[in-house]
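Undergrad: Input: one structure, supplied below.
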Amino acid sequence: MAYRLLFALAAILLSPFLLYRLFGMVEQMRSRQIVYLAVLLLAFLGTIGGSLLADMLYPQGPADMGLTLGIIGSYGLISVTALLLPYILFWEQLPQKICLTVLSIGSVLQIPLLFAFFVNPEIRDGGPLPLFADRLPLPGILFDAIAGLFETAGETGYGIWFIIALSIGLFIQMALISLFLYLAGVILMREKSQK
């Protein structure tokens, strides 16, 4: 069990740097953005499609281990691509040393946020519907307000909205954090250059 936890932590911490390196190998900015969008689309398809498939094939219990790991990996890929969003948009703005420092901070911040995302209250049949705020500290309250509209559509309508919005919310949450860190790096670089 401990080695699985260490492997998961290493994957969370190292995957942003691996993708950063992969995107850095693509020379043209337009091509880099296309590769980024393809990876992001693949991650969204993995989470939404995998979750819907697990819901259909295993309605009463946990899904197959391979499918579960695929869904978890897709959520991780969404988190990592969200962390890399500012670097894809503004690749040449910061020196590589600052980029790697800011990316390191973002990688570490993923750990508590992904922990909150995956470790949450159990959902019981006939019990209250799950809350986004339990899983997404930043955009969760807004998503819960929107989800109130879907409660009238029944549990199925809410379930589909919950699956789709979890992926979108995770991306928004991590992208906001990454943009904040990136802007802090830009401000620090300006102050340093003015001195």
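The values are calculated or read from the model by the stated rules, or taken from the named source; none is laboratory data. Computed from a predicted structure; not experimentally measured. Please note: Cβ atoms are built from the backbone with ideal geometry, for glycine as well, and neighbour counts cover all protein chains shown. The protein model used for the area step is the full one, side chains on, heavy atoms only, and it has no ligands, DNA or RNA in it. Shrake-Rupley method; radii C 1.70, N 1.55, O 1.52, S 1.80 Å.
Undergrad: In the set 103, 89, 40, 85, which member is modelled with pLDDT of 85 or more, under 20 Å from residue 170 (Cα atoms), of a type in the set (A, V, I, L, M, F, W, C) and more than 14 Å from the chain's Cα centre (by Cα)?
TA: The conditions single out 103.
Undergrad: Related question: Report, by residue number, each residue of region 1-37 that is over 16 Å from residue 104 (Cβ atoms), open to solvent by less than 40 Å² (accessible area, probe 1.4 Å) and hydrophobic (A, V, I, L, M, F, W, C).
TA: Once the filter is applied, which keeps residues that are over 16 Å from residue 104 (Cβ atoms), open to solvent by less than 40 Å² (accessible area, probe 1.4 Å) and hydrophobic (A, V, I, L, M, F, W, C), region 1-37 yields 23, 26.
Undergrad: If you don't mind, there's one more thing I want to ask. Give region 171-191 a look and list any residue that's touching a helix residue (DSSP H, G or I) at 6+ places or on another chain (Cβ under 7 Å) and within 24 Å of residue 136 (Cβ to Cβ), or say none.
TA: Result: 171, 173, 174, 175, 177, 178, 179, 181, 182.
Undergrad: Let me ask you something else. For region 51-99, which residues satisfy the criterion of being in contact with a helix residue (DSSP H, G or I) (Cβ under 9 Å, 6 or more places away or on another chain), closer than 26 Å to residue 4 by Cα and outside any helix (DSSP H, G or I)?
TA: Of everything in region 51-99, those that are in contact with a helix residue (DSSP H, G or I) (Cβ under 9 Å, 6 or more places away or on another chain), closer than 26 Å to residue 4 by Cα and outside any helix (DSSP H, G or I) turn out to be 58, 62, 63, 64, 84.
Undergrad: Taking region 82-122 as the search range and keeping residues that are aromatic (Phe, Trp, Tyr) and under 20 Å from residue 30 (Cα atoms), which one is least open to solvent (accessible area, probe 1.4 Å)?
TA: Residue satisfying both the conditions and the ranking: 87.
A quick yes/no check of all residues on (1) over 12 Å from the mean Cα position of the chain (by Cα); (2) over 25 Å from residue 103 (Cβ atoms); (3) modelled with pLDDT under 80:
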position	(1), (2), (3)
126	yes, yes, yes
147	yes, yes, yes
156	yes, yes, yes
177	no, no, no
185	yes, no, no
